[in-house]
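**Q** Below you will find the structure I want to go over with you.
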Amino acid sequence: MISNTAKTTHPISHIRLALALTTGIPLLLSFVVPIERLILFECPFFNITGLPGPFCGFTRSIWAISAGDWTYATVNCPLAWLLYAALVIVFALNVFCMLPGIKMTGLWVLNLTRIQANRAIGILLALVLLNWIYRLLTILSSLWLPKRSNHDAIKKKGIARDYGGQPRSAV
């Protein structure tokens, strides 16, 4: 007689797998795929206003962090460091919890009270807003302030960085 009592997995294991995949795939892609080959859509906010949106720069900065160009990542989008750290932590935690013999059944993020969740969302929104203001100020200041010539410094080093963080020869 065949029994219909198949071993059921705990629903949290599906959540852990989904979290591991959604954080692991961007991390893997940032190491394997060059930014030039990545298919990105144009930002509608940028197309309408000519200014970067609140989330512009994150992809380039994540790729720069993975490539080891930490200066570019920090100058371009400082909040990307927090996103990159969160991706690594969530990926590592969920992969670790899926290993055989590891019994962790709860997700601490899901156990937040309403007040804690509202505070966390408020902090994240404030960080995104501050990052956006920083990006707007850096772009607008480069338009309004007189340009400083660093042609001699570039000539001495022999290289310059283009917008994607890739080395190019000095002109």
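Coordinate-derived values only; no laboratory data. Every value quoted in this text rests on a predicted model; they were computed, and no experiment measured them.
**Q** Cα gyration tensor of the range 42-89, axes a ≥ b ≥ c as square roots of the eigenvalues: rounded (a/c below 1.5), prolate (a/b > b/c) or oblate? If you can, show how the numbers build up before the last one.
**A** Numbers: a/c = 2.69, a/b = 1.95, b/c = 1.37.
Prolate is the answer for the range 42-89, as a/c is 1.5 or above and a/b outweighs b/c.
**Q** What full-extension length gain, to one decimal in nm, is calculated for residue 38 and residue 88 as 0.36 nm per residue of separation minus the Cα-Cα distance?
**A** On the way: separation 50, 0.36 × 50 = 18.00 nm, distance 2.05 nm.
Extra length from residue 38 to residue 88 when fully extended: 15.9 nm.
**Q** Moving to a separate point now. Give me the number: length gained by fully extending residue 115 to residue 98, i.e. 0.36 nm times residue separation minus the C-alpha to C-alpha distance, one decimal in nm. Display every interim value, and only then the final one.
**A** Values: separation 17, 0.36 × 17 = 6.12 nm, distance 3.01 nm.
Contour length minus the Cα-Cα distance gives 3.1 nm.
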